[in-house]
1. With N set to the number of residues, divide the alpha-carbon radius of gyration of region 115-168 by 2.2 N^0.38 Å and report two decimals.
2. For residue 189 and residue 80, FRET efficiency with R0 = 30 Å and r from the beta-carbon atoms, rounded to 0.05?
3. Rank by packing, highest mean first: peptides 54-61, 110-117, with packing defined as the count of other Cβ atoms within 10 Å averaged across residues.
4. Helix-only mean residue ellipticity at 222 nm, the chain, DSSP H runs n ≥ 4 weighted -39,500 (n - 2.57), per residue, nearest 500. What is it?
5. How big is D, in µm² s⁻¹, for region 44-112 by Stokes-Einstein at 37 °C and 0.692 mPa s if Rh is the Kirkwood radius over C-alpha pairs?
6. First compute the accessible area of the chain with a 1.4 Å probe, then give the percent of it belonging to carbon and sulfur atoms.
7. Given a 1.4 angstrom probe, what's the average accessible area per residue across the chain, in square angstrom?
8. Based on the Cα atoms of region 1-50, what semi-axes does the equivalent ellipsoid have, where each is the square root of 5 times one gyration tensor eigenvalue, given in whole Å with the largest first?
Amino acid sequence: MIPRRPLVAGNWKMNGLKASLAELAAIRDAVAAGHAGDAEIVVCPPATLIAAAAELCAGSRIAIGGQWCHAQSSGAHTGDISAAMLKDAGAIFVIVGHSERRIEHAETDGLVRGQAEAALGAGLTAIVCIGETAAERREGRTLAVLERQVGGSVPTAAGPGSIVIAYEPVWAIGTGLTPTPADVADAHAFIRRHLDALMPGEAGAVRILYGGSVKPANAAELLAAADVDGALVGGASLTCKDFMGIAGVYRSADASRGDRSP
Ligand code: PEP
């Protein structure tokens, strides 16, 4: 099996003022103190805080990400933000295809793929979100939806170094509901098989995160599921205590391996 470094990413969504950077500083210091083991840690604050967050975390183990980018590199798109702007502000990652964007802004797979391509073009790593709604799950269409979203949203030029997939069942986001670890493992294995068609021989190195109501109380069992390479965390990423309660799963894993090498 190709080793994949765990990644825990926090999505602050439309939350956070300058005062919230104190929480980010606490996260930075906790990670520096070894609380997340060797996991890669990414925080995606709102766009207004990216430059300050990047400055605060410069030289640390925290990478900063955006929450969205336009598919075009520049132009007459009032209120939008390009991948190059995120990069210029200090971002390394960007989330695309989050279900809140797909639903609230009617973003299609094709649009998401364009955004991911723009991210790659600007030198960002794209975290591409996919996942079924409650109705799609009820109707037994989960795997068909995931297949469509992988095929439609992931750029053909993507590889393990430029793309991360986040499997986020829409019904689990912000609800406190989660799939069973076995369901998550099945979904991730299915996603990886379909990634293989896009990047033959490389899919085994792509990180697939689980997202949807990950909390300190359920992180250990969800992150231990097969093929789960980390988490995309919404609400619980807003405080250092909860975020480290999740990323701390990897400290324990390192401690039990007795191995802290990257
Ligand atoms: C998310 O929105 O990406 C998410 C996973 O949210 P939450 O953790 O709050 O369910």
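The values are calculated or read from the model by the stated rules, or taken from the named source; none is laboratory data. Just so you know, these numbers come straight off a predicted model, no measurement behind them. Note that we place each Cβ from the backbone using ideal geometry, even for glycine, and neighbour counts take in every protein chain shown. Remember, those area values only see protein heavy atoms, side chains included, never the ligands or the DNA or RNA. Shrake-Rupley method; radii C 1.70, N 1.55, O 1.52, S 1.80 Å.
1. Working: Rg = 12.5 Å, N = 54, 2.2 N^0.38 = 10.0 Å.
Taking the Cα Rg and dividing by 2.2 N^0.38 Å, one obtains 1.25.
2. Working: r = 36 Å, r/R0 = 1.19.
FRET efficiency, residue 80 to residue 189: 0.25.
3. Values: 54-61: 15.1, 110-117: 21.5.
Answer by packing, highest mean first, reads 110-117, 54-61.
4. Numbers: 10 runs with 107 residues, N = 262.
Roughly -12500 deg cm²/dmol at 222 nm, from the helical runs in the chain.
5. Numbers: Rh = 12.7 Å.
So the translational diffusion coefficient is about 259 µm²/s.
6. Details: 6250 of 11150 Å².
The computed percentage sits at 56.
7. Values: 11150 Å² over 262 residues.
Accessible area per residue, the chain: 43 Å².
8. Details: eigenvalues 114, 41, 7 Å².
Working from the Cα gyration tensor, I get semi-axes of 24, 14, 6 Å.
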